1. Kindly put K107, K31, K188 in sequence by how many other C-beta atoms sit within 10 Å of each C-beta, fewest to most.
2. So which of K15/K56; K80/K107; K19/K66; K155/K211 end up more than 20 Å apart by C-alpha?
3. Going toward the positive end of the dipole of the chain, with +1 on Lys and Arg Cβ and -1 on Asp and Glu Cβ, which of T32, G118, L50 do you reach last?
4. Determine the calculated [θ] at 222 nm for the chain from helices alone, applying -39500 (n - 2.57) to every DSSP H run no shorter than 4 residues and normalising by the residue count; nearest 500 deg cm²/dmol.
5. If we count other beta carbons within 10 Å of each Cβ, what is the order of I60, I89, I210, I115, fewest first?
6. Using the alpha-carbon atoms, what tilt in degrees (0 to 90, nearest 10) does helix 146-164 show relative to the longest principal axis of the chain?
Amino acid sequence: MAGAGILQDIPKMIKLTEKVIKSTSLPVTVKTRLGWDENTLNIEEVAERLQDIGIKALSIHGRTRKQMYKGEADWTLIGKVKNNPRIHIPIFGNGDIDSPQKALEYKNRYGVDGIMIGRASIGYPWIFRDIKHFFNYGTILEAPQIEERVEVARKHLMKSIEWKGERIGIVEMRRHYTNYFRDLPGIKDFRARLVSEMDPSNLHCLLDEIKEHYQESSQLV
Ligand SMILES: Cc1cc2nc3c(=O)[nH]c(=O)nc-3n(C[C@H](O)[C@H](O)[C@H](O)COP(=O)(O)O)c2cc1C
């Protein structure tokens, strides 16, 4: 019953959230899905009830728990929650936003107060900067250069080790390299080395090697 599991028992979800709200002076927000499955798409009612007990904002992932990540996120119900005249708390939409253009299109189409981004930020934290820039100026920023990509990946690796310990920190970092170094020709061999290395100082050297390699090759172009 952890996480989205609570969507199987809405009265309990409301009671639990109410207890959290009552136990703190901090603002409490909720992030949830459309419902447990296609037969229980109850987010409209859930949103009202959560607002009534005092949550300060609601983020909605446009899928059911049963869907996991299958299919496309359905934002129509998110839009309905946002446009319900009874709803006055900020509503954030979530699901499948992976570009500045899509962020703007969905924000305008569904009128949400904000957008949450998950997978598109994995290994590409620049997505937030790209979207802000597009919203403000209508133009697409240039992708980060190799120096910045390497230095952010390095910082992430160090933070990962600091947070999770050396072994888990290094292993969990592996899934991120593909995105940090996406679109670089010939990155496959470097990637294979990055995901088989367990020694932090060797990883630092390897990151330096990647930076130097692509700095040189960009100078050749
Ligand atoms: C690695 C990973 C971990 C996640 N952990 C959580 C979590 O702890 N709680 C939660 O509500 N959603 C979690 N999610 C779901 C995301 O918050 C988000 O709802 C979902 O990925 C859809 O958004 P996206 O298409 O922008 O990725 C996780 C997603 C990923 C990829």
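1. Working: K107 17, K31 14, K188 10.
Least to most surrounded, the residues fall as K188, K31, K107.
2. On the way: K15/K56 16 Å; K80/K107 13 Å; K19/K66 27 Å; K155/K211 14 Å.
Among K15/K56; K80/K107; K19/K66; K155/K211, the Cα-Cα distance tops 20 Å for K19/K66.
3. L50
4. Values: 9 runs with 117 residues, N = 221.
Helices in the chain give a 222 nm mean residue ellipticity of -17000 deg cm²/dmol.
5. Working: I60 27, I89 15, I210 23, I115 18.
Ascending Cβ contact count within 10 Å gives the list I89, I115, I210, I60.
6. The two axes meet at around 60 degrees.
A short reminder: the numbers here are calculations on the coordinates, not readings from a lab. Only a predicted model underlies this, so the values are computations on that prediction, with no experimental measurement involved. Cβ: placed from backbone, ideal geometry, glycine included. Neighbour counts: every protein chain shown.
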